[in-house]
Each structure stands twice: as C-alpha cells, then as structure tokens.
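Take a look at the structure below.
The values are calculated or read from the model by the stated rules, or taken from the named source; none is laboratory data. In this text the structure is predicted, and so the values were computed from the model without any measurement. Here the Cβ positions follow ideal geometry from the backbone for every residue, glycine too, while neighbour counts run over all protein chains shown.
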Amino acid sequence: MDSDRIKLEARLFASEYLLCNLYAMIFRGAPDPAAAVQGFGGDLRRHMEGFTVAGLDPVQSDTFAGEVRDALDVLLSQLGGMMAQTGTPGSPPSSS
C-alpha cells in the first residue's frame, strides 16, 4: 500500500471513529441508550432497503447500496462497542 493510500485510509478511519463517538455521546444521554441505538440502527437499515443511486444502472446501484449497507453495519457495530466500553448498553440491532 502506498503512502497516499495509507493517509486516505487513516483519514477515513479517523472520520468514522469521530462520527461513531459523537453518536455514542448523544445516545449515552438518552433515557434508554440501548433502545435509542436499536431504533437508530433499525431506521438506517429500513431507509437503505429502498436506496438507489440516480445515474447508475440498476445492477450498479444495487451493488453500491449493498456496500453502503455493509459499511453502516460496521459503523453501527463500532458504535455499540464504544458504548459497551463505557458500561452503557447499546449494541446495535442484528442485521437480517
């Protein structure tokens, strides 16, 4: 892996970490943090069920949407892990 790609990967990881940490801080303040994370994850997944990308043919759009769903699952898992590290229950809902 060349140094430019390493820098880009590091920036992406840092952005994902900051985003997950921000949501974890928000959900920790909810009356029921676990329910808040579960609802958030479920809403995201429902939204992505019909997600299409204008300008792409249907196969490309489905492929892209699948990659986005997979990436969201990783981020929701990371969010649940951050909450668990602080003793706050909040694992994301299981994907189906």
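Filter segment 51-62 for residues that are of a type in the set (S, T, Y) and surrounded by fewer than 13 Cβ atoms within 10 Å (Cβ to Cβ) and give the result. Walk me through it before giving the result.
As a first pass, look at segment 51-62 and keep what is of a type in the set (S, T, Y): 52, 61.
Within segment 51-62, just T52 meets the criteria.
For segment 28-50, a residue qualifies if it is outside any helix (DSSP H, G or I), surrounded by 11 or more Cβ atoms within 10 Å (Cβ to Cβ) and of a type outside the set (D, E, K, R), and exactly one does: A30. Within segment 3-27, the set of residues being among the hydroxyl-bearing types (S, T, Y) and surrounded by 13 or more Cβ atoms within 10 Å (Cβ to Cβ) comprises Y17, Y23. In the condition set (1) surrounded by 11 or more Cβ atoms within 10 Å (Cβ to Cβ); (2) among the acidic types (D, E); (3) free of Cβ contacts under 8 Å to residues at least 12 places away in the same chain, E67 is compliant with all but (1).
Annotation: of all residues in segment 30-62 being in contact (Cβ under 8 Å) with a residue 40 or more places away in the chain and small (G, A, S), the one that is nearest to D73 (Cα to Cα) is G41.
Name every residue in segment 55-96 that is of a type in the set (G, A, S) and modelled with pLDDT of 90 or more, in order of residue number. Show your work before the answer.
We begin by selecting, within segment 55-96, every residue of a type in the set (G, A, S); these are 55, 61, 65-66, 71, 77, 80-81, 84, 87, 90-91, 94-96.
G55, S61, A65, G66, A71, S77 - these are the residues of segment 55-96 that are of a type in the set (G, A, S) and modelled with pLDDT of 90 or more.
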